[in-house]
1. With the condition kept exactly as written, say whether any residue in the stretch 168-175 is within 30 Å of PHE61 (Cβ to Cβ), assigned to a loop (DSSP other than H, G, I, E, B) and open to solvent by 90 Å² or more (accessible area, probe 1.4 Å).
2. Name every residue in the stretch 22-51 that is under 11 Å from the mean Cα position of the chain (by Cα) and not β-branched (Val, Ile, Thr), in order of residue number.
3. With respect to TYR66, is the statement that it is in contact with a strand residue (DSSP E or B) (Cβ under 6 Å, 6 or more places away or on another chain) and touching a residue at least 24 places away in the same chain (Cβ under 8 Å) true?
4. For PHE86, are the conditions met, namely being surrounded by 19 or more Cβ atoms within 10 Å (Cβ to Cβ) and under 17 Å from THR155 (Cβ atoms)?
5. Can you list the helices (runs of 4 or more DSSP H) lying wholly within the stretch 1-46 that have 2 or more residues being within 20 Å of LYS171 (Cα to Cα)?
6. Is it true that ASN117 is open to solvent by 70 Å² or more (accessible area, probe 1.4 Å) and either at positive phi or not β-branched (Val, Ile, Thr) (or both)?
7. Here are some conditions: (1) over 21 Å from the mean Cα position of the chain (by Cα); (2) surrounded by fewer than 17 Cβ atoms within 10 Å (Cβ to Cβ); (3) under 24 Å from GLU13 (Cβ atoms). ASN57 meets all but one. Which one does it not meet?
8. Could you run through the stretch 94-111 and say how many residues are within 25 Å of GLY49 (Cβ to Cβ) and open to solvent by 30 Å² or more (accessible area, probe 1.4 Å)?
Amino acid sequence: MAEVKSNLSKQAESQLQSLFEPVKLSLLYKASIHGYNNAAFHNKCDRQGPTLTVGYNNYGFIFGGYTSKSFTQTGQYLADEKAFLFSWKSNDPEKQPLRIPVVNAQYAILDNNLGPNFGAALIFLNGNVAAVITNPGQYYTFNAAELHGGDLNLTECEVYRVEPLGYALEKPWRTVQWKAEKRKELIDTIRSYKPPVLLVPQVRVLLVGPVGAGKSSFFNSINSVFRGHVTNQAPAGSSATSLTTKVLETRM
């Protein structure tokens, strides 16, 4: 089956990611492919953890909502202090996305068997049609025109799983040159290294770890780098007991 591609441009994806700590957005559901219907949405998105629902319209608005809770069709409201609505105009790319936090977190998400429903303030796939319903006020406070420009019809609807990446630097902390010349330079530096203490003739590395930790695989990887081809000198694999039965001294 062909890969389902996201409608988000790189710039749009970056703008939406700016609403969070570093995250990865993984496409779960695309209405134009999977269908503008509730069953298709739940088939792809239930029990997926935090999700971002994204709608697109002809006015250039990219808008929707985020919940940190899983959709499970409980038929009840889900409390979610992290929930929010958002909007960004693709024809005004330099402007930061509008973020609308939930006002009453107890009613952040209506988890029913219909489409994504953000406290009845923003509803997707209602009636299995390519449109949204908005009702600002009680649980989310916003100006409807700022959210979608007054165009309730959707050209596309997507749902993404939001996966945290943990701490990440905005820019690499150093420039790494991945070239053959640099590789040779690094290997030669390691080969020619001599301990600064004369009484120690060579450096020895002892690998210690439980069964299955990957000690043999690590050794084979290092050995392969220095030999210039793939090696399997140390037995490696999966076993309830250790595959390595002898302690061997190997020189690089």
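1. Narrowing the stretch 168-175 to residues within 30 Å of PHE61 (Cβ to Cβ): 168, 170.
Those left that are additionally assigned to a loop (DSSP other than H, G, I, E, B): 168, 170.
Then drop every residue that is not open to solvent by 90 Å² or more (accessible area, probe 1.4 Å), which leaves 170.
Yes, some residue in the stretch 168-175 is within 30 Å of PHE61 (Cβ to Cβ), assigned to a loop (DSSP other than H, G, I, E, B) and open to solvent by 90 Å² or more (accessible area, probe 1.4 Å).
2. We begin by selecting, within the stretch 22-51, every residue under 11 Å from the mean Cα position of the chain (by Cα); these are 22-27, 50-51.
Of everything in the stretch 22-51, those that are under 11 Å from the mean Cα position of the chain (by Cα) and not β-branched (Val, Ile, Thr) turn out to be PRO22, LYS24, LEU25, SER26, LEU27, PRO50.
3. Working: in contact with a strand residue (DSSP E or B) (Cβ under 6 Å, 6 or more places away or on another chain): yes; touching a residue at least 24 places away in the same chain (Cβ under 8 Å): yes.
Here the answer is yes, as TYR66 does meet what is asked.
4. Numbers: surrounded by 19 or more Cβ atoms within 10 Å (Cβ to Cβ): yes; under 17 Å from THR155 (Cβ atoms): no.
Here the answer is no, as PHE86 does not meet what is asked.
5. Numbers: elements: 10-17, 31-34, 38-45.
Ranges flagged: 10-17.
6. Working: open to solvent by 70 Å² or more (accessible area, probe 1.4 Å): no; either at positive phi or not β-branched (Val, Ile, Thr) (or both): yes.
Answer is no for this residue.
7. (2)
8. Within the stretch 94-111, the first condition is being within 25 Å of GLY49 (Cβ to Cβ), and the residues that meet it are 97-111.
Still in the list and also open to solvent by 30 Å² or more (accessible area, probe 1.4 Å): 98-99, 101, 103-104, 106-107, 110.
Going through the stretch 94-111 one residue at a time, the tally reaches 8.
The values are calculated or read from the model by the stated rules, or taken from the named source; none is laboratory data. What you see is a predicted model; the values in this text were computed from it and never measured. A quick note on method: Cβ atoms are made from the backbone with ideal geometry, for glycine too, and the neighbour counts reach across all protein chains shown. SASA here: full protein model, heavy atoms, side chains in, ligands and nucleic acids out. Shrake-Rupley method; radii C 1.70, N 1.55, O 1.52, S 1.80 Å.
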